[in-house]
1. Condition first: assigned to a loop (DSSP other than H, G, I, E, B) and surrounded by 14 or more Cβ atoms within 10 Å (Cβ to Cβ). Now tell me which residues in segment 175-186 satisfy that.
2. Select from segment 144-156 the residues that are assigned to a loop (DSSP other than H, G, I, E, B) and not hydrophobic (A, V, I, L, M, F, W, C) and write down the one among them that is surrounded by the fewest Cβ atoms within 10 Å (Cβ to Cβ).
3. Confirm whether residue 89 is modelled with pLDDT of 80 or more and surrounded by fewer than 18 Cβ atoms within 10 Å (Cβ to Cβ).
Amino acid sequence: MAKRQNNETVIPLGVVFMVMGLIILGTAVAIFVVVSREPAPMVARIQAATVPTAAAQAATDDIALLPETPLEEGANTLVNLEDVAQAYIKGQPERIVIPDAAVDAPVSGVGLVQVQNNGQIYYQWQVPDEYRAGWHNTSAPLGKAGNTVLNGHHNINGEVFRDLINLEEGAEVIVYDREHAYTYVVSDIELLPERDQPLAVRQENARWIGPTDDERLTLVTCWPYEDNSHRVVIIAYPAEAEAISNASPEH
């Protein structure tokens, strides 16, 4: 029997291992190059929440606040009344009557909404969009020490505070909660320039709607009727309290 000749080429085992090693090395290098070209994970810098402490003129009749102080960890946050479990807060205003300004209107709680402008966070007070006053739900309830703040439109959406500018010292303001009527006497009327004013001026304006140690009622709207360049701020004290002259934003 004739022996068949084997013409197949025999590759040494060492060469095979060397080729496999080069393939593995090349693959690893390629993976490293691709990974090194991937962008680094995006890290978002979160700006700290802020406490509203200064007024800012918006383009509308709304009451706005600027941030100034960082909100410390664990501090109370601002919420809308709709988020509060209880249906009624004792001393919550429900009606306001101002005979000299022809006002007899319901009152509902309003909260702050967060808005951004040029990367800056603002807190702006909501204002009822009908014939209704808005109670700042972080301000004092009726009958308690502190500043009870009510806002309202003067030239749109019911114009509830249209004639607030016409009030004079000594005018009566009656505010009702669910159980009682509280009578206040106007002590001070402030007409404050707001639009295009420096930050320091707007911060000073905002102090009028800030907390106070004494018991008072503060009414806020804009002026004039054809524009919203100024703030009208009415300060009134309980009728039974001793009259206070030369009111200041804080006591």
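The values are calculated or read from the model by the stated rules, or taken from the named source; none is laboratory data. Keep in mind that this is a model prediction, so the values were computed, not measured. Note that each Cβ is placed from the backbone with ideal geometry, even for glycine, and that neighbours are counted across all protein chains shown.
1. 177
2. This residue is 144.
3. When the stated conditions are applied, residue 89 passes them.
For every residue, the table says whether it meets (1) crowded, with 20+ Cβ neighbours inside 10 Å; (2) not in a loop (DSSP other than H, G, I, E, B).
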position	(1), (2)
129	no, no
142	yes, no
158	no, no
161	yes, no
169	no, no
173	yes, yes
188	no, yes
197	no, no
